[in-house]
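The values are calculated or read from the model by the stated rules, or taken from the named source; none is laboratory data. Nothing here was measured: the structure is a model prediction, and the numbers come from that model. Cβ placement follows ideal geometry from the backbone for every residue including glycine, while neighbour counts extend to all protein chains displayed.
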């Protein structure tokens with residue numbers, strides 16, 4: 001308790017606000033199941049993400065085994081292979097990595113690292129997890145739908161995504177799109193928590209330029225996601241309408257098996273733009289939290305402050321901003337105007353600059369540091385080598 005009297009000066013306001021009752025679970029269920037505690041929610045996110053990630057891992061094993069021993073794994077035909085690769089890709093990119101880094105690490109680390117007692121909106125935080133879990137269950141249910149999950153490829157390009165010849169047309173594609181819509185709704189609730197907590201609930205003296213780089217990475221990734229996911233949301237809703245209602249947002253006039261379908265001149269290219277306006281920032285939604293974590297690990301285990309902290313922060317922000325102007329480098333074969341191709345090629349090269357700055361600063365942090373080769377440090381060093389070679 002802070003003494004509010006200082007000699008003859010009289011009363012001064014206390015240095016800290018009083019403790020307030022934020023959240024009191026009344027039972028085991030409200031403590032560990034329907035929990036509003038950010039740490040418990042983080043564990044829930046992590047367990048769910050790793051569980052559905054294990055499903056994707058098994059699918060990758062089956063694909064590799066089929067490639068290695070096609071005669072022994074003949075039960076995996078072309079249709080099943082397309083379904084496996086579609087579900088593997090979508091689960092890994094969105095349901096595992098995004099949920100684990102932002103839902104898991106974000107919920108656990110942000111309050112601890114900024115000095116907040118909890119997330120700003122605990123009830124909304126709880127809802128975000130349960131909507132995410134519902135999205136995962138809807139996605140998993142597509143394995144048991146007639147015809148199995150969709151085999152349209154994880155990019156879900158129309159017209160292939162909703163034509164009858166593609167595997168999983170009886171219900172797989174509908175469940176996939178519905179699951180994505182639910183995931184984005186759930187993430188938006190969680191993402192608003194992360195952003196507002198970082199901006200409004202920091203401890204006294206914790207300025208933005210004192211935040212750990214882990215928080216900067218998660219915070220910037222969340223802002224990117226809140227701006228990029230609406231494009232995927234709109235694309236998923238419109239493609240769902242094309243499939244169920246017969247609209248023509250993305251479906252061109254097309255003849256299938258001699259039958260003229262009801263679609264009237266939609267643009268498949270529009271879906272590509274919507275998808276990749278989300279899809280390329282998604283790369284950095286996954287990468288930036290990892291960058292921040294690696295930065296703090298290297299600083300800790302080299303027993304040095306990170307080299308060029310402010311430069312590292314601005315590099316994270318620059319990567320986040322530039323991630324929105326490079327998406328069409330995924331679309332070079334779509335017939336775009338060469339001037340647009342030049343623009344997107346140039347911005348793709350420019351985004352390498354802040355990324356290279358981060359690598360240089362990691363190396364300079366290690367230079368003449370008191371390096372302790374702990375397991376986390378070995379992982380961080382392996383991350384740098386892998387990222388430089390293949391990143």
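Points worth noting:
- Applying the criterion of being within 20 Å of residue 139 (Cα to Cα) and in contact with a helix residue (DSSP H, G or I) (Cβ under 9 Å, 6 or more places away or on another chain) to the residues of the stretch 59-80, the residue that is surrounded by the most Cβ atoms within 10 Å (Cβ to Cβ) is 59.
- Screening residue 168 on (1) in contact (Cβ under 8 Å) with a residue 24 or more places away in the chain; (2) assigned to a helix (DSSP H, G or I) shows it passes everything except condition (2).
- Scanning the stretch 349-378 for residues that are closer than 28 Å to residue 326 by Cβ and surrounded by fewer than 17 Cβ atoms within 10 Å (Cβ to Cβ) gives 349, 350, 352, 353, 356, 359, 360, 363, 364.
- Pairs with Cβ under 8 Å, 6+ apart, first in the stretch 74-86 and touching a residue at least 12 places away in the same chain (Cβ under 8 Å), second surrounded by fewer than 16 Cβ atoms within 10 Å (Cβ to Cβ) and outside any helix (DSSP H, G or I): 82/153; 85/153; 86/153
- Filter result for residue 110 (over 26 Å from residue 177 (Cα atoms) and crowded, with 24+ Cβ neighbours inside 10 Å): yes
- Taken over the stretch 91-131, the criterion of being within 15 Å of residue 45 (Cα to Cα) and without any contact (Cβ under 8 Å) to a residue 24 or more places away in the chain is satisfied by no residue.
- Of the helices (runs of 4 or more DSSP H) lying entirely inside the stretch 7-103, those carrying at least 3 residues that are modelled with pLDDT of 90 or more are 38-68, 78-90.
- When the stretch 235-267 is filtered for residues that are loosely packed, with under 11 Cβ neighbours inside 10 Å and modelled with pLDDT of 90 or more, only 245 remains.
- Considering the conditions (1) surrounded by fewer than 21 Cβ atoms within 10 Å (Cβ to Cβ); (2) over 26 Å from the mean Cα position of the chain (by Cα); (3) at pLDDT below 95, residue 303 is excluded by exactly one of them, (3).
- Residues located in the stretch 143-161, provided they are assigned to a helix (DSSP H, G or I) and surrounded by fewer than 23 Cβ atoms within 10 Å (Cβ to Cβ): 143, 144, 160
- If you check 294, 286 for being over 28 Å from residue 368 (Cβ atoms) and surrounded by 18 or more Cβ atoms within 10 Å (Cβ to Cβ), only one passes: 286.
- Evaluation of residue 358 against (1) over 15 Å from residue 306 (Cα atoms); (2) under 22 Å from the mean Cα position of the chain (by Cα) (one fails), failing number: (1)
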